1. Within the group PHE298, PHE307, which residue is within 16 Å of the ligand (Cβ to nearest atom) and either modelled with pLDDT under 95 or not assigned by TED's automatic domain parsing to the domain that holds HIS197 (or both)?
2. Restricting attention to region 105-116, report how many residues are aromatic (Phe, Trp, Tyr) and either assigned to a loop (DSSP other than H, G, I, E, B) or open to solvent by less than 20 Å² (accessible area, probe 1.4 Å) (or both).
3. Which residue out of GLY209, GLY119 is away from the ligand (no atom under 16 Å from the Cβ) and open to solvent by less than 50 Å² (accessible area, probe 1.4 Å)?
4. Within region 184-196, how many residues are within 13 Å of the ligand (Cβ to nearest atom) and of a type in the set (S, T, N, Q)?
5. Output the residues belonging to region 281-310 that are of a type in the set (Val, Ile, Thr) and either without any contact (Cβ under 8 Å) to a residue 12 or more places away in the chain or assigned to a helix (DSSP H, G or I) (or both).
6. Within region 197-206, how many residues turn out to be more than 16 Å from the ligand (Cβ to nearest atom) and surrounded by 15 or more Cβ atoms within 10 Å (Cβ to Cβ)?
7. Residues being away from the ligand (no atom under 15 Å from the Cβ) and part of a helix (DSSP H, G or I): count how many of those fall in region 269-280.
8. Counting only residues that are closer than 17 Å to SER303 by Cβ and either near the ligand (Cβ under 10 Å from one of its atoms) or open to solvent by 10 Å² or more (accessible area, probe 1.4 Å) (or both), how many does region 253-268 have?
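The values are calculated or read from the model by the stated rules, or taken from the named source; none is laboratory data. Computed from a prediction, not measured in an experiment: that's the story for all the values here. A quick note on method: Cβ atoms are made from the backbone with ideal geometry, for glycine too, and the neighbour counts reach across all protein chains shown. Just so you know, the surface numbers come from the protein's heavy atoms only, side chains and all, with ligands and any DNA or RNA stripped out. Shrake-Rupley method; radii C 1.70, N 1.55, O 1.52, S 1.80 Å.
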Amino acid sequence: MPVPLSPEEARQFHASDAAPAAFLDLLDAVSFRSAGAALRLGVFEELADGPLPVERLAVRTGTDPLGLRLLLDALTSFGYLIHAEGGYANSANTTRWLLRAVPDSFAPVLAFWSALLSGWWHDLEWSICSGTPAGDFYAWLEQRPEVLADFQTMLRRLADGLSAEIVELLPVPADARSLLDVGGGHASYPVAFLSAHPQLRATVVDLAGALAQGAETVAAAGLTDRCTLRAGDLFEVDFGTGHDLALLFNVVHGHQAAETLTLLRRVAAALRPGGRVALLEPLATAPEQPTAGLGTAFVRMFSLNLFHTQGGRAYGHDELVGLLREAGFTDVRQQVLGGSETDHLVIAQVRTLD
Ligand SMILES: C[S@@+](CC[C@H](N)C(=O)[O-])C[C@H]1O[C@@H](n2cnc3c(N)ncnc32)[C@H](O)[C@@H]1O
């Protein structure tokens, strides 16, 4: 959590240039890293039932008492913990957001980004200099089941918040029979479509590890007989043909334009004449756009992360329209989503040959 400032410190760092704001970044970076360590060591979960002295907490978490005390003291300064009678306790914000069992828990998000920043961002300069990603992000994920589970849980939560609105915004004709979800992983979106449209069947394509969570979602919804999960590489696996609607949600931002074009062409070939594709993407804004607000900052941070880890980036609306047209789509429309400040739905129809 951002370190709390006194009024005088806030004046020096925020309201004037009297002090280097980068010093706050140093503290915030250590705050974020310390919280990731506490999460991984089980500190917040062990404190869920009330305060504990450091010695008891060290036994429960299998840690060194001195090392743990120094971590707990830092976390107390950052606002994750408080001192209470009986030892250290979770702060109100930690209790509300960082326990795994609470509704909308932020723990999977913090754990995923902590693993990502620790594992990848140490050599950010390398991708900036070379222009190529520092590794294969999805292969890295598939080798780390816990990080992959947090990643897919984070995406599934976002999907659970958006899917009702998206189903509403994407009307499915009564004679439509087939939905293709490309890179559908956790499968929450196809489950939402199948639940709303009993005549539909779905095919979800993704890597095997990602589809493991998808299989659970589909089974929990009782839709196994209407949903096929197909494991494979999106650039090689058979998408099938004749689909009425294809979802390409949060996938193209992992690729540069040439690969995105290949993917869009593969999707176009898998659709029936007149079928539609829907992309869900955070859209890049022009560099001169005002930077106030978390939304713009998040998309720019995310775009840099995509470039470094996958060789991708957030696209601008016009770029996506150009790629869709080049891939054989027409009638491109953008839908603003009420449920998200940063995600946009871009829908297009496959061009039919006259
Ligand atoms: C950011 S996630 C989006 C998941 C889901 N569509 C959503 O919007 O919540 C991207 C998905 O694409 C899959 N993916 C990325 N590259 C892939 C590839 N080359 N082959 C198969 N799946 C891939 C990942 O495993 C992951 O599940």
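1. Going through PHE298, PHE307 in turn, just one is within 16 Å of the ligand (Cβ to nearest atom) and either modelled with pLDDT under 95 or not assigned by TED's automatic domain parsing to the domain that holds HIS197 (or both): PHE298.
2. 2
3. Only one candidate passes the filter, namely GLY119.
4. Counting residues in region 184-196 that are within 13 Å of the ligand (Cβ to nearest atom) and of a type in the set (S, T, N, Q) gives 1.
5. Result: THR291, THR296, VAL299, THR309.
6. Restricting attention to region 197-206, the residues satisfying the condition of being more than 16 Å from the ligand (Cβ to nearest atom) are 197-201.
Checking the rest, the ones that are also surrounded by 15 or more Cβ atoms within 10 Å (Cβ to Cβ) come to 197, 200-201.
Here the count works out to 3.
7. Number satisfying all stated conditions: 1.
8. 6
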